[in-house]
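The values are calculated or read from the model by the stated rules, or taken from the named source; none is laboratory data. None of the values given here were measured: they were computed from a predicted structure. Here the Cβ is made from the backbone with ideal geometry for all residues, glycine too, and neighbour counts use every protein chain on show.
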Amino acid sequence: MLVEESVQSAISSIRSNGIRSILTALAIIIGTAAVIAVIGIGSSAEKALEASIDELGPRTLSIFPSQRKRGGISSGFNPLVIKDAEALAKNNEHNWLIAPAMSGNRQVKFLNSNVSGEINGYLPVNFKVRGFDIGLGRLFTEKENLGRKKVIVLGSKVPGELDTTARQILNKEIFVAGTAYKVVGILEEEGSTGWQNPDDDFYVPLLTASQRILGTERLGWINVGISNDTNVDYVMMTIEQILRQKHDIGPGGDNDFRINDWSQYSDLRRQATSIFTALIAGIAGISLIVGGIGVMNIMLVSVTERTREIGLRKALGATQNSIMMQFIIEAILLCVLGGLIGVFIGVSLLFIFTLFNDWMFSIPFSAILGSIFFSALVGLFFGIWPAKRAARLDPAVSLRYE
């Protein structure tokens, strides 16, 4: 009965001073809302990043040409060539997908429209490795690559740049450096990757690009698609062994190529997101402690205002424990109330943010429970001093208090 009476008394006190109670809990509300919103946004950002990685399909390594050095001095530039990709493709140990590519800018014309576009020489497997999907028409085939056919696939924004639509340009001829190429497909929109936008590019078979457009066997890069459970270090070691042998690099010689594991950057970004989320949540958590100090101060004021009430209750037989419990429960209820309001505001902010960013809305239940529990602890901790002060008041002195 003592706890029930203390709860009822605390609720009555909070109701009778509604505005002051809300202002007292304001820092708790703000802190809880910030914690929920920040943790939720960080979690949504991490899930959006994971979804983007999953859409890319297999894990991708990229091989780029670089200068060979001996004793810190450059000894020439040895490019990657198509035969390097063929040598990698002959190795079936890792069941990898070898996707060589080359690129160069050429003038592209359709009817009366001219653009300077980046022509990419691809194998059909390149689209799978890059995670590109066809939106209209089809991709070119390996048979068309071996036959050096004059076919082309367009990025999703190219028809608009050529003042036409995807359906109007499909199966029509466009001119690349003065030579006609049949448009066989248009890709779905992929979006910018930061350093390039595949939606603006043109894609032709690799051998067509090599022998008909760019006139070279030099590759810009080689993408290697591997499954996510593959030992990346072992794959990179295999690539290094094959290319060093192909480039006739002896023991002690520096590689004239470099291998990038793009997933490492995703891992770093994920770690940075987690650290940033934890930092902001920690700062928001400090506001809960500041709010607890505010609750303590207001509760001390409340003790002073209710001195006569406390004296009367003691005169009627209330014990120190009952007085102390009343004020502790009141402080806890104030903080929990602030926490619940903060949860509502934080979840609302999270919903709005994810709605505008087209991210998956996910309620961070662990953060919600943790925030409410922490709010209750703050109320308990900062309510003890005012409660002790109230419990120690002398009833005779309290009854004379004006």
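Being modelled with pLDDT of 70 or more and assigned by TED's automatic domain parsing to the domain that holds Val343: is that true of Ala37 here? Considered against the rule, which asks whether it is modelled with pLDDT of 70 or more and assigned by TED's automatic domain parsing to the domain that holds Val343, Ala37 comes out as yes.
Just so you know, in segment 149-177 the residues that are of a type in the set (Gly, Ala, Ser) and touching a residue at least 24 places away in the same chain (Cβ under 8 Å) include one that is nearest to Asn105 (Cα to Cα), and it is Ala177. With respect to Gly291, determine if the residue is modelled with pLDDT under 70 and in the same structural domain as Val38 (by TED's automatic domain parsing). Spelling it out, Gly291 is indeed modelled with pLDDT under 70 and in the same structural domain as Val38 (by TED's automatic domain parsing). Each residue in segment 156-169 was checked for being closer than 15 Å to Tyr181 by Cα and assigned to a loop (DSSP other than H, G, I, E, B), and 1 pass. Remark: Ile63 falls outside the filter, which requires a residue to be over 28 Å from Val153 (Cβ atoms), modelled with pLDDT of 80 or more and surrounded by 14 or more Cβ atoms within 10 Å (Cβ to Cβ). Among the residues of segment 210-227, those that are surrounded by 16 or more Cβ atoms within 10 Å (Cβ to Cβ) and assigned to a helix (DSSP H, G or I) comprise Ser210, Arg212, Ile213. Only one of the numbered conditions (1) assigned to a strand (DSSP E or B); (2) modelled with pLDDT under 95 is violated by Ser192, and that is (1).
Of the residues screened, Leu337 is not one that is within 19 Å of Ala33 (Cα to Cα) and surrounded by fewer than 19 Cβ atoms within 10 Å (Cβ to Cβ). Just one residue in the set Asp261, Asp248 is more than 16 Å from Ile98 (Cα to Cα) and either without any contact (Cβ under 8 Å) to a residue 40 or more places away in the chain or not assigned by TED's automatic domain parsing to the domain that holds Asn105 (or both); that residue is Asp248.
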